[in-house]
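Here's the structure we're looking at; comments come further down.
The values are calculated or read from the model by the stated rules, or taken from the named source; none is laboratory data. Being a predicted model, the structure only gives us computed values, none of them experimental. Glycine gets a Cβ as well: all are built from the backbone with ideal geometry, and neighbour counts include every protein chain shown.
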Amino acid sequence: MILVTGATGTNGKEVVRLLSEAGEPVRALVRDRTKAAAIALPGVEIVEGDFSQPDTLEAALQGVDKALMLPPIAPDMIELQRNFVEAAKRAGTRYVVKFSAFGADPESSIALGKWHGQGEKILAESGIAYTFLQPNGFMQNMFNFTESIKATGEFYQPAGDAKVSHVDARDISAVAAAVLLEETDHVGKTYLITGPEALTFYEVAEIMTQAVGKPVTYINPSPEEFKQSLLSWQQPEWFADAMNELFGIYRLGYGAVVTDVVETVAKKKPFTFQQFANDHASLFQS
């Protein structure tokens, strides 16, 4: 039995689908069962639980051999991950794949990198076999701008002219499923998952223009302008600050690295941004 947490999220639901198609028994952990209709698939057992409630985690982990730990992004994320790892130890789960992040490091100077890095450290020191998945920025993050692109043809990111090797969530999920299904080849490894090319957001805008069929423009706000826009969208200040830190790393050029993990681990060609844009163009059209 494989437990998938974050099972209704962008990556979690795709991992559940891939494992179901592979005929693997899956237990999907969700916070609200009423929102889990999309993952009610053959061989999938849906259970409710929360990283902040260790008793629900331990119950969900009973009889689970392998698990995907996909933690929620929150200021107390380190403690939430500790809750899961300790529950997995008590339940006897022998292998945990941690869905981490690009730049994860226990000593990182940015919040997201440190939170994920500390989670990796907790898992590595637990005695449980592990694999770390560190994806770069998701192509699907463009979905946050569907309304602005529809209305004005514009989207906003404080990345300057930095290149980022955006990766399609479908490829990230394919790597996660492969690692869970082929545990022996991946224990103790860290995989930096990227798309096949590094692009500036100006180049992203050109690709979106071709796919959507109308001009799409990238606006490069200052970090403070970006923060204020996130706050105006009712995002918490800690999240706005964490995003600005991440884009600061991108502006320094660290997001441009390209790896072959999708090809070597998932055994597939990674989606290009052009393919992503073509597949989802209708979402951005007025």
For this session: Test residue 126 against the criterion of being out of contact with any Ser or Thr (no Cβ under 8 Å at 6 or more places or on another chain), at pLDDT 95 or above and assigned to a loop (DSSP other than H, G, I, E, B), and give yes or no.
Result: yes
Exercise. Can residue 229 be described as surrounded by fewer than 14 Cβ atoms within 10 Å (Cβ to Cβ) and assigned by TED's automatic domain parsing to the domain that holds residue 146?
Worked result: no
For this session: Could you check the stretch 1-111 for strands (runs of 3 or more DSSP E) lying wholly inside it with 3 or more residues that are of a type outside the set (Ser, Thr, Tyr), at pLDDT 95 or above and more than 23 Å from residue 177 (Cβ to Cβ)?
Result: none
For this session: Please go through the stretch 5-43 and pick out each residue that is surrounded by fewer than 18 Cβ atoms within 10 Å (Cβ to Cβ) and touching a Lys or Arg at 6+ places or on another chain (Cβ under 7 Å).
Result: 38, 41
Exercise. Does residue 282 satisfy being exposed (fewer than 13 other Cβ atoms within 10 Å of the Cβ), assigned to a loop (DSSP other than H, G, I, E, B) and out of contact with any Cys (no Cβ under 7 Å at 6 or more places or on another chain)?
Worked result: no
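Let's see how each residue does on (1) touching a helix residue (DSSP H, G or I) at 6+ places or on another chain (Cβ under 6 Å); (2) assigned to a helix (DSSP H, G or I); (3) modelled with pLDDT of 95 or more:
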{"residue": "178", "(1), (2), (3)": "yes, yes, yes"}
{"residue": "202", "(1), (2), (3)": "no, yes, yes"}
{"residue": "206", "(1), (2), (3)": "no, yes, yes"}
{"residue": "211", "(1), (2), (3)": "yes, yes, yes"}
{"residue": "215", "(1), (2), (3)": "yes, no, yes"}
{"residue": "230", "(1), (2), (3)": "yes, yes, no"}
{"residue": "249", "(1), (2), (3)": "no, yes, no"}
